[in-house]
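Some notes on the structure that comes next.
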Amino acid sequence: MEICIYFQVHQPLRLSQFSIFRKDGGHGGGYFDSELNRKIMEKVAGKCYLPANRLMLELLEKHPEFKVSYSLTGVFIEQCKMFAPEVLESFAALARTGRAEFLSETYHHSLSYLFSDKGEFLEQVKLHKEEISRFAKPSPVFRNTEAMFSNDIAYLVERMGYSGIMAEGLDHLLGWRSPNYLYGVKGCRNMKVLLRNYRLSDDIGYRFSAKWWSEYPLTAGKYASWLENLQGDCTNIFMDYETFGEHHWQDTGIFEFLRHLPPEILRRPNLGFSTPSELVGKVGIRDDIDAPDVTSWADMERDTSAWLGNEMQRDAFAALEKLGPAVKEKGDKDALRTWRMLGNSDHFYYMCTKSLSDQDVHNYFSPYDSPFDAYINYMNVLRDFSDGLKKG
Amino acid sequence: MRIAMLGWEFPPFVSGGLGVHCFELTRALCSRGVEIDFFMPGCGKKPQPSCPGIRIIDVAETKLKPYLFVAKRGQSTGYGDNLLSAVNEYADACASGVVAEAESRGYDVLHAHDWLTAPAASRVKRRLSLPLVQTFHSTEFDRTSYPWDCILGIERQAAADADLIIAVSKRTREQVLRLGARQEKIRVVYNGVDRKRFREIEGERKYADEFKKGRKVVLFLGRLTEQKGPVQLLHAAKLVLEREPGTLFVIAGKGELLPLLISMAMHLGISKNVRFLGFVPDEDQRRIYRIADVYVMPSTSEPFGITALEAMSSGVPVIVSKTSGVSEVVKSAIRVDFWDIDRMADRILSVLQHPPLSRTMVEMANSDLEARTWERVAEETESIYREAAGKAR
């Protein structure tokens, strides 16, 4: 059984409180709240990125068979450069071990695949690949924003030259089948899909510090023994990197768990580590997955409703998409960058109005008082940006 | 269970949320099998009982009002020389009325609303040793930025004498704590709304369209006092009208600030777009909500704010100040700081200009309203009665 561990690393570029009465004439400088973004980046760097990377480097050096994978959004990398260059350097150090793989995704952590013109999606993936190439070898495995996946996405990504794609291991995609195998995708030639084992991933990502959980406290030994008893070829454990030190604070013991996990896994003879590209290279497919609709790893619904579930979100997204041709026609690099940054999926996530448990998660991450404020602020920015475009 | 309830007003004679609360609460309590004798000042006319299980008993006439208005020129406030003596006079009369009934009726709990009935309740409690529940719908700290010692004194005494206190929001609980009440005897029970009363009836849309003549309407409904924030709204109106000159601001309600607001609208150069309606009787309120494209409640200090729920029930998106009780429990309203004029104008404009925003707010209001029924208020109130009765034993 191959264990594949992957972490998503992202920080959104949050907007300033932008009044309807303010006029920046389309200059992106005032749209983003540099102070807030810096504060959050510095905080999370101190609590999560730096200590987690330090530990990860230690583990890679100590255990030659340990392997790990990441994807860093372009938005994250840019903010590293601006606010915490030592974080980027620490990722580069992981890359230099040759056993940390860095996956492809959209540079802007965007919903650009959902635009009717797929050209923008292709460009953002290309931009991301260029950025990653500066410090790591590009991976042949792709991970779309928030693990968005469908037959069509896989087909497009295969044509771009990728041989693997990540997706949520949803029950309705799998039916009676297990997520612990590689699958092909309906309509694709050689594409392999790596399905996230959400139960085992969420045991760490969500439940690790949950005192109500029957398995609390979770130890590395217990977790490794669960993996040991699984049937299948591979187990994909995917989560946000901020799990370490940010979602679960240091005093929960999450770093100690991470420190002991690789040796606990490696001392079990039937378990070993693989990177996503190694899995795709050596593990064969068992069957095809058929995903006619877009799935993701977000919210209970695991679809696109976290970003486009209500009328405000769809209105804001359509308004953004509509500006695309004018932005490109203008040929202004700054305007193009601003427009793409306004496509961060997070802006739409903050406008979500779902009730029940998911809303609390949305609120936890949101810098706004309500989804209405998120929408209003976004539309104020977009209007100013659009006015600037018209002025020429 | 039989309750002696001491109130001040009862529909159709209503000057604020207190009357609505008493009407709806007694109705919902009755249908739970709680019997209520409702004692209130006589007012010449007989109010409509909210259900058959309630008796409305006039105890005395008084010129006191729950909300003290500044007297107009040439008129007296009607309080005589001394407000306190008027309060005591009514308290004596009311207490005697309750005691006289108590002999044959045998009350389990005494329930008083607001400061005006509190002295009477204290007297009854002393004479009959009944458990006393006191509801604070507001405190002197909310009503004015210059709290009056005389009324503060009455409220402090009420907070001390009550066995249990109901505050209509966490915000009000904080104010009651300032009155010296002990934390452990305060319970928060939020107000409710009867959605059915605000459902659209035929012909109303036509009336609204005729009134609006294609204009967008921003509605304010409340007493025209400092507490309700109409001054802030007019400043915001000025900014809104610079962007959307066709907007109409409808200010419904009466109060001491009316002359000031009228001259303010003239000085701001927006009087063409501000319509003062004066006091709107109960039966017309539902039609007023129907004309609004957005309802704004900019109160500087609002213990609860039932009108926000009424506007939501009428299908109107709502903007409320953060310093309001209702903002603690609704998710479908936009919250602003009452002093942030720029933001208030921004939010008003946004609701008017983006139909997807307005529709999403109205849609989300459903779950807010489902949680705020008078049946729930009555259930929570009844359990507080039982707790008070148990304590006294």
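The values are calculated or read from the model by the stated rules, or taken from the named source; none is laboratory data. Being a predicted model, the structure only gives us computed values, none of them experimental. Here Cβ is always computed from backbone atoms with ideal geometry, including for glycine, and neighbour counts include all displayed protein chains.
Against the numbered list (1) within 19 Å of A:Ser116 (Cβ to Cβ); (2) within 14 Å of chain B (Cβ to nearest Cβ); (3) crowded, with 21+ Cβ neighbours inside 10 Å, A:Tyr350 comes up short only at (1).
Is it the case that segment B:200-213 has a residue that's crowded, with 21+ Cβ neighbours inside 10 Å and of a type outside the set (Lys, Arg)? Spell out how you get there, then give the answer.
Quick first cut of segment B:200-213, residues crowded, with 21+ Cβ neighbours inside 10 Å only: none.
No, segment B:200-213 has no match at all.
Evaluation of B:Ser313 against the conditions (1) surrounded by fewer than 24 Cβ atoms within 10 Å (Cβ to Cβ); (2) in contact with a strand residue (DSSP E or B) (Cβ under 9 Å, 6 or more places away or on another chain) shows that the sole unmet condition is (2). The residues of segment B:331-342 include none that are in contact with a Gly (Cβ under 9 Å, 6 or more places away or on another chain) and facing another protein chain (nearest Cβ under 7 Å).
For segment A:188-209, a residue qualifies if it is surrounded by fewer than 16 Cβ atoms within 10 Å (Cβ to Cβ) and in a loop (DSSP other than H, G, I, E, B), and the qualifying residues are A:Arg189, A:Asn190. A:Glu2 meets each of the listed conditions (1) more than 14 Å from every other protein chain (Cβ to nearest Cβ); (2) surrounded by 19 or more Cβ atoms within 10 Å (Cβ to Cβ); (3) under 28 Å from A:Ser366 (Cβ atoms) apart from (3). Residues in segment B:343-358 that are facing another protein chain (nearest Cβ under 9 Å) and crowded, with 16+ Cβ neighbours inside 10 Å: B:Arg343, B:Ala345, B:Asp346, B:Arg347, B:Leu349, B:Ser350, B:Val351, B:Gln353, B:His354, B:Pro356, B:Leu357.
Scanning segment A:207-235 for residues that are of a type outside the set (Ser, Thr, Tyr) and under 22 Å from A:Val361 (Cβ atoms) returns A:Arg207, A:Phe208, A:Ala210, A:Lys211, A:Trp212, A:Trp213, A:Glu215, A:Leu218.
Among the residues that make up segment B:338-354, is at least one of them in a loop (DSSP other than H, G, I, E, B) and in contact with a strand residue (DSSP E or B) (Cβ under 8 Å, 6 or more places away or on another chain)? Spell out how you get there, then give the answer.
Quick first cut of segment B:338-354, residues in a loop (DSSP other than H, G, I, E, B) only: B:338-340, B:354.
With in contact with a strand residue (DSSP E or B) (Cβ under 8 Å, 6 or more places away or on another chain) added as a condition, the list becomes B:338.
Yes, there is a match, as at least one residue in segment B:338-354 is in a loop (DSSP other than H, G, I, E, B) and in contact with a strand residue (DSSP E or B) (Cβ under 8 Å, 6 or more places away or on another chain).
Taking segment A:294-335 as the range and being among the polar types (S, T, N, Q) and farther than 23 Å from A:Leu195 by Cα as the test, the residues that pass are A:Asn310, A:Gln313. Restricting attention to segment B:359-390, the residues being touching a residue at least 40 places away in the same chain (Cβ under 8 Å) and within 14 Å of another protein chain (Cβ to nearest Cβ) number 6.
Every residue, every condition in (1) closer than 17 Å to B:Thr247 by Cβ; (2) among the polar types (S, T, N, Q), yes or no:
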residue: B:Ser271; (1), (2): yes, yes
residue: B:Val274; (1), (2): yes, no
residue: B:Val280; (1), (2): no, no
residue: B:Val294; (1), (2): yes, no
residue: B:Phe304; (1), (2): no, no
residue: B:Ser321; (1), (2): no, yes
residue: B:Glu328; (1), (2): no, no
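Could you list, in sequence order, all residues of segment B:180-193 that are surrounded by 13 or more Cβ atoms within 10 Å (Cβ to Cβ) and either without any contact (Cβ under 8 Å) to a residue 12 or more places away in the chain or hydrophobic (A, V, I, L, M, F, W, C) (or both)? Selection gives B:Ala181, B:Ile186, B:Val188, B:Val189, B:Val193. Picking from residues in segment A:13-33 that are facing chain B (nearest Cβ under 9 Å) and touching a residue at least 40 places away in the same chain (Cβ under 8 Å), the one that is nearest to the chain's Cα centre (by Cα) is A:Gln17.
Can you name every one of the helices (runs of 4 or more DSSP H) wholly within segment B:194-310 that holds 2 or more residues which are touching a residue at least 12 places away in the same chain (Cβ under 8 Å), within 25 Å of the chain's Cα centre (by Cα) and under 24 Å from B:Ala345 (Cβ atoms)? Let's see the steps before the verdict.
On the way: elements: B:204-212, B:230-243, B:258-268, B:282-290.
In segment B:194-310, B:230-243, B:258-268, B:282-290 are the helices (runs of 4 or more DSSP H) which contain 2 or more residues that are touching a residue at least 12 places away in the same chain (Cβ under 8 Å), within 25 Å of the chain's Cα centre (by Cα) and under 24 Å from B:Ala345 (Cβ atoms).
Considering only segment B:317-327, I want to know if a residue exists there that is within 10 Å of chain A (Cβ to nearest Cβ), on the phi < 0 side of the Ramachandran plot and in contact with a helix residue (DSSP H, G or I) (Cβ under 6 Å, 6 or more places away or on another chain). Yes, some residue in segment B:317-327 is within 10 Å of chain A (Cβ to nearest Cβ), on the phi < 0 side of the Ramachandran plot and in contact with a helix residue (DSSP H, G or I) (Cβ under 6 Å, 6 or more places away or on another chain). Yes or no: A:Gly388 farther than 30 Å from A:Leu195 by Cα, more than 14 Å from chain B (Cβ to nearest Cβ) and without any contact (Cβ under 8 Å) to a residue 12 or more places away in the chain? Considered against the rule, which asks whether it is farther than 30 Å from A:Leu195 by Cα, more than 14 Å from chain B (Cβ to nearest Cβ) and without any contact (Cβ under 8 Å) to a residue 12 or more places away in the chain, A:Gly388 comes out as no. Here B:Lys238 passes the criteria (1) charged (D, E, K, R); (2) within 16 Å of B:Val320 (Cα to Cα); (3) at pLDDT 95 or above except the one numbered (2).
Within segment A:320-330, does at least one residue satisfy the condition of being within 25 Å of A:Ile77 (Cβ to Cβ), part of a helix (DSSP H, G or I), of a type in the set (Lys, Arg) and away from chain B (no Cβ under 12 Å)? So far as segment A:320-330 goes, yes, one or more of its residues are within 25 Å of A:Ile77 (Cβ to Cβ), part of a helix (DSSP H, G or I), of a type in the set (Lys, Arg) and away from chain B (no Cβ under 12 Å).
Meeting the requirement of 3 or more residues that are closer than 24 Å to A:Glu256 by Cα, the helices (runs of 4 or more DSSP H) wholly within segment A:39-102 are A:50-62, A:85-96.
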